[in-house]
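Peer 1: First the structure, then my questions, so here it is.
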Amino acid sequence: MFSKRTHWTLLPNRLSRILEGRRGQPVIDLTESNPTRCGLVYETQRILNALGNEGALCYRPDPRGPQEGREAIANYYRERGVSLDAGQIFITSSTSEAYSYVFRLLGDPGDSILVPQPSYPLFEFLSQLDDISTSVYPLVYSHGWQMDRFALQERIRPDCRAILLVNPNNPTGSYVSPDDHTFLINLCHEQELALVADEVFFDYRLETPLDCAPQSLAGETAALTFTLSGLSKICALPQMKLAWIVVNGPGKLMETALARLEVIADTYLSVSTPLGLALPTLLETRNSIQPQIQERTRGNLARLDTMLSAPSSVSRLKTEGGWCAILRVPALCTDEEWAIALLQQDSVLVHPGHFYDFPSDGHLVVSLLTAPDRFEEGVLRLLARIESHQPFWR
C-alpha cells in the first residue's frame, strides 16, 4: 500500500529511547541547536510588527516570491561582494523545500547527487522523497578538513547530476577553500554537473583568519550553481520557515534553470504573503542577533579550549565556522556507547559522530549555542567521564 520511498526504519535509536525514558529528569543538553531556546535577545516588537503588514490582506501570487523580499536578499549578498538581480532568487518555505525544488529540476528517478561525508543527515531523506539517490564523497581531517578530490572524481557516475556542498559544513565547520572552489567549478564545467551550495551557516565564522574571508558560491557564473540559505540560521528564526535559492551560472544555462524553476515554484506557491512581505525587516534583524550568537559560540569555543589545555585524552578538531565543535575521544567503545554513558551516568546529552555519518568511531559533537554556564558544566562532566576510561555503567 505504501511507497518504497517511505520505507524507513521508524523506530527511534537507542540514545533517543533512553532520553525519552529520562523525561522530566534534569539533563545538560550539549546538542541544543534551536536558537529560540538559548536565551538570546530578539527584537520582539519589530518582528511582530513586520508580520502585521496590511498588504498581506491582498493576494498577489509570484512564483519567485514578493519582489520586496527578493530585493532584500539581493542586498544581503551585495554586502558580501556578490552582485545579483532579484530575478535570480526564489523564496521558499524552507531550505528543505529549496532542496526539493533543485532536486526535481536536475534529476530524473534513479539519478544521483554527490554529498559530503560527514555532514548533516538530511540529504538522504530529501533525495529519496524526490526519487534520486545519494553517493558520498569524503571530507578528511589532517590539521583541518579537506575535500578528498581524488575520491570525489572517482565517484562521479554517468547518472550523477550535481555535487552538493555545505559552506561551512555542518558539523565539521569547514568552509570551501579557494583551491577547492576552483577545483569544483572546473569539475562541474567539465562533467556538465550542477553545484548545490548550502550556506545557511555562512555568516558564523569562528577560527577563519580575517584576512582569509570565506567566499560565497552565490556569485559563481562559470558553472550552474544553486545557493541555498534562509532565516533559520542567518536571523536565528527557524519558526519563520523562510528560505531561498540563488541561481547563477552561464547565461543560457541559467536562463533555462530559472524558467523551469519558475514552473516548479508556481505549482506549489508555498510562501505565505505575510512572511514574504515581512522578509526585508526580518532579514535586517540579523544585525542584532548575529553578534550575540558570535559572542556565544566563540566564547564557548574559548572555554572548551581552556578546559582542554591540560593533558587530556580528549582533543578538539579545528572548526572554521558554524555552531558546532567536534571532540575526538578514545575509541574504547562506539560513539553511541559514549553518548549513552554520558546521558545515563552524568546527565549530559551529546551527539555521537555516527549521527553525522562519520566513517569511524572516536567523535562526539557538541553545540556551541548552549548557555555558557551549562556548557562549561557539561564539558567538565564529559571530560571526567572520558578520563575515567569507564564508558559503561556498572
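None of the figures in this text is laboratory data; all of them are computed from the coordinates on show. If you're wondering where the values come from, they're calculated on a predicted model, not measured in any experiment. Quick reminder, even Gly has a Cβ in these numbers, built from the backbone with ideal geometry, and neighbours come from all protein chains shown.
Peer 1: Work out how far the C-alpha atoms of segment 229-322 reach from end to end along every principal axis, then list the three figures in whole Å, largest first.
Peer 2: 59, 32, 20
Peer 1: For a test of the definition: using alpha carbon positions, the gyration tensor, and the 1.5 limit on a/c, classify segment 4-109 as rounded, prolate or oblate. Please report the intermediate quantities before stating the final value.
Peer 2: Values: a/c = 2.23, a/b = 1.42, b/c = 1.58.
Oblate is the answer for segment 4-109, as a/c is 1.5 or above yet b/c matches or exceeds a/b.
Peer 1: Quick one: among D361, D373, D111, which has the greatest mean-square fluctuation in a GNM of the chain with alpha-carbon springs under 10 angstrom?
Peer 2: For the chain, modelled as a Gaussian network with Cα springs under 10 Å, the answer is D373.
Peer 1: Still on this model: Under the rule of at least 5 residues apart or a separate chain, name every residue whose amide H is placed under 5 Å from the amide H of V136.
Peer 2: For V136, the qualifying residues are V115.
Peer 1: Place a +1 charge on the Cβ of each Lys and Arg in the chain and a -1 charge on the Cβ of each Asp and Glu, then give the dipole magnitude about the Cα centre in debye, rounded to the nearest 20.
Peer 2: 820
Peer 1: Count the net charge of all other residues whose Cβ sits under 13 Å from the Cβ of A371, scoring Lys and Arg as +1 and Asp and Glu as -1.
Peer 2: Details: positive: R37, R296, R303, R374; negative: D29, E32, E295, D373, E376, E377.
Its environment carries a net charge of -2.
Peer 1: What residue among E68, E336, E320 shows peak mean-square fluctuation when the chain is described by a Gaussian network model with Cα springs under 10 Å?
Peer 2: E68
Peer 1: Determine, for each peptide in 2-12, 217-227, the mean count of other beta carbons within 10 angstrom over its residues, then list the peptides with the highest first.
Peer 2: Ranked by mean Cβ neighbours within 10 Å, highest first: 217-227, 2-12.
Peer 1: If you take every residue apart from I132 with its C-beta less than 14 Å away from the C-beta of I132, what net charge results, scoring Lys and Arg +1 and Asp and Glu -1?
Peer 2: Numbers: positive: K4, R5, R104, R157, R161; negative: D108, D111, E124, D130, D131, D159.
Here the count lands on -1.
Peer 1: For the chain, what's the relative contact order in percent, using C-alpha pairs closer than 8 Å and at least 6 residues apart?
Peer 2: Details: 710 pairs, mean separation 91.1, N = 394.
Here the relative contact order equals 23 percent.
Peer 1: Specify the inter-centroid distance of segment 119-136 and segment 1-70, based on alpha-carbon positions, in whole Å.
Peer 2: Segment 119-136 and segment 1-70 have Cα centres spaced 20 Å from each other.
Peer 1: Then there is this: Hey, can you grab everything whose amide H is under 5 Å from the amide H of C324? Only 5+ residues off in sequence or another chain; H modelled, so Pro and N-termini drop out.
Peer 2: Under 5 Å from the amide H of C324: L368.
Peer 1: If we restrict to alpha carbons, what Rg and Dmax does segment 256-374 come to, in Å?
Peer 2: Reported Rg and Dmax, both Å: 20.4, 59.
Peer 1: Next question. What are the residues whose amide H is under 5 Å from the amide H of A194, where those residues sit 5 or more places off or on another chain and H is modelled from the backbone?
Peer 2: Distant-sequence amide H within range of A194: A162, I163.
Peer 1: Using the Kirkwood radius over C-alpha pairs as Rh, can you work out the diffusion coefficient of the chain via Stokes-Einstein at 4 °C, viscosity 1.567 mPa s, in µm² per second?
Peer 2: Details: Rh = 22.2 Å.
Answer, rounded: 58 µm²/s.
Peer 1: Next question. With springs only between Cα atoms under 10 Å, which of K233, K318, K252 fluctuates most in a Gaussian network model of the chain?
Peer 2: Maximum fluctuation in the GNM of the chain, among the listed residues, is at K252.
Peer 1: How much net charge surrounds I326 when only the other residues with a Cβ under 10 Å from the Cβ of I326 are counted, with Lys and Arg +1 and Asp and Glu -1? Provide the component values of the computation, followed by the final result.
Peer 2: Numbers: positive: R316, K318, R328; negative: none.
Computed value for this residue: +3.
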